[in-house]
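The block underneath contains the structure these notes are about, expressed in structure tokens.
Derivation of every value follows stated rules applied to the coordinates shown; laboratory data play no part. Keep in mind that this is a model prediction, so the values were computed, not measured. Ideal geometry is used to build each Cβ from the backbone, glycine not excepted, and the neighbour counts take in all protein chains shown.
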Amino acid sequence: TLPMELIEASEGKVVYRVIPNKSHLNVQGGVHGGFCATALDTSTGGAAHSVLGPNTGYGTIDLNVKMIRPMQIDTAYYAHGELINAGR
């Protein structure tokens, strides 16, 4: 599981604070890329979910994450999700 703390939630916007630890390292000793992707998917999904009515589901259909530098353990990161367009 990811250590995530909800920092902000409003209509169309969600912010989580995430802190990777040693349990999130891959076999090469770096934070697994799936950690970052999951944090971003959770925040963007939360932003979309914030505008849905009761009993309405959603799902991620496309996620593209480009990692330009490695994440560090025991360092706080913020995953921001902001809705640009709510389709049907």
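Just a few scattered comments:
- Annotation note: trypsin sites (Lys or Arg not before Pro) in region 15-85 located in DSSP loop regions with a Cβ neighbour count of at most 14 within 10 Å are Lys66.
- Contour excess over end-to-end distance, with Cα ends at Ala76 and His32 and 0.36 nm allotted per residue: 14.3 nm
- Computed from Cα atoms, the angle from the helix 33-49 axis to the main principal axis of the chain rounds to 20 degrees.
- Based on DSSP H segments of at least four residues, each scored -39500 (n - 2.57), the chain has a per-residue ellipticity at 222 nm of -6500 deg cm²/dmol.
- Evaluating 6.51 cos²θ - 1.76 cosθ + 1.60 at θ = phi - 60° for every residue in region 10-16, the Karplus couplings come out as 8, 4, x, 8, 9, 10, 10 Hz, glycine and proline recorded as x.
- Cα principal axis extents for the chain, largest first, Å: 42, 24, 22
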